[in-house]
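Participant: For reference, the structure I am asking about is given below.
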Amino acid sequence: MIFNNKESIESALNKVEEIVKTTGNVQDMEYFRFHKKRFERMASTIVKKAEPGALILDIGSHYLHSSLLLQFLGYRVHAMDVGVFTELGFVQDRIKANNLVSIIENDLTTLSAIQEQSDEYDIILFTEILEHITFNPIDFWKHIYRLLKNKGFIYITTPNSLTIYNIIRTLKNLLLLKGVGINLDMIFGNVTYGHHWKEYSASEIKKYFAYLSNGFMVSIETYRYKYFAPQNFRGQLRNLFYNLGNLIPFFSDELEAVVELDKSQPWKAVAPQY
């Protein structure tokens with residue numbers, strides 16, 4: 001077990017990076033490098049709030065970067081994702097080599113793979129997933145309410161919708177009558193179960209969880225981790241807008257939400273009927 005301090009987080013992160021380098025998968029390496037600072041931020045927040053040994057459900061575990069990092073820091077981790085990711089050869093190798101508990105779940109609306117459990121997890125990790133949800137989320141979060149222990153928490157990271165870059169891009173597309181939302185290049189150029197259908201502001205996230213239950217207490221911080229290689233003038237402008245925005249927390253490119261649960265307050269949201 002690695003003790004929870006800055007040096008141990010760096011050590012654990014380096015250990016994950018070495019696994020990624022050894023695997024040699026291009027997408028795996030690119031994703032890790034782009035999100036490395038986010039992983040470090042996540043680990044730093046988790047270790048301040050939870051002792052080693054806490055049980056974590058990592059929903060959307062992807063290439064297992066977060067799951068491995070937290071396991072190396074002494075937490076017990078259940079890694080959950082759709083089969084298309086979990087069944088990748090190198091992901092399966094990582095699961096076996098590190099004795100990770102892997103859960104395949106292809107339908108977040110039911111969470112049928114862990115339908116029988118309740119009050120199971122100390123922490124539920126939900127990083128870079130909120131913006132991809134394209135279905136009515138009420139039943140999903142009702143399952144999360146059931147699975148999470150009283151006084152446990154959900155850890156969320158998601159892009160801030162109110163970046164200067166997003167605002168300028170939206171205004172430009174409106175003025176040029178191109179439309180709003182994600183563009184066709186993004187729709188046709190990415191393999192995903194859901195694009196960034198809806199990015200949120202900090203105030204929207206607070207309203208989101210207040211709608212579900214008064215037992216959800218939300219605290220939100222802003223931070224920056226993204227860096228886009230300025231390969232052309234457009235890339236340089238993008239970095240410029242992000243740099244300007246990150247001077248003011250309100251416009252920072254990333255939101256970190258910690259959603260603590262008090263189960264003395266009942267569930268209140270009702271899913272609409274078809």
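Values in this text are rule-based calculations from the coordinates and carry no lab data. All values derive from a computational prediction rather than experimental measurement. Backbone-built Cβ (ideal geometry, glycine too); neighbour counts: all protein chains shown.
Participant: Quick one: work out the % antiparallel among DSSP beta bridges in the chain, nearest 5.
Facilitator: Numbers: 16 of 35 bridges.
Restricted to the chain, the bridges split so that about 45 percent are antiparallel.
Participant: Can you spot the lysines whose alpha carbon is less than 16 Å from LYS21's alpha carbon? Ignore those fewer than 8 places along the same chain.
Facilitator: LYS36
Participant: What's the longest bit of the chain with no exposed trypsin sites (Lys or Arg not before Pro), using DSSP loop states and at most 13 other Cβ atoms within 10 Å as the test?
Facilitator: 1-177
Participant: Still on this model: Check cross-link reach from LYS49 to the lysines: straight Cα distance under 18 Å, and skip same-chain residues fewer than eight apart.
Facilitator: Correct list for LYS49: LYS6, LYS149, LYS151.
Participant: When only C-alpha pairs under 8 Å and at least 6 residues apart count, what is the relative contact order of the range 6-261, in percent? Intermediate values should be presented prior to the final figure.
Facilitator: Values: 380 pairs, mean separation 43.8, N = 256.
17 percent.
Participant: Rounded to the nearest Å, what's the spacing between the alpha carbon centres of the range 132-146 and the range 183-207? Just the number, please.
Facilitator: A separation of 16 Å, based on Cα centres.
Participant: Still on this structure: Suppose only helical runs count, i.e. DSSP H with n ≥ 4. What mean residue ellipticity at 222 nm does that imply for the chain under -39500 (n - 2.57) per run, divided by all residues and rounded to the nearest 500 deg cm²/dmol?
Facilitator: Working: 10 runs with 115 residues, N = 274.
Theoretical 222 nm ellipticity from helices: -13000 deg cm²/dmol.
Participant: In nm, give the distance between the simple-model label positions of SER44 and ILE168, each being 7 Å from the Cα along the Cα-to-Cβ direction.
Facilitator: 2.7
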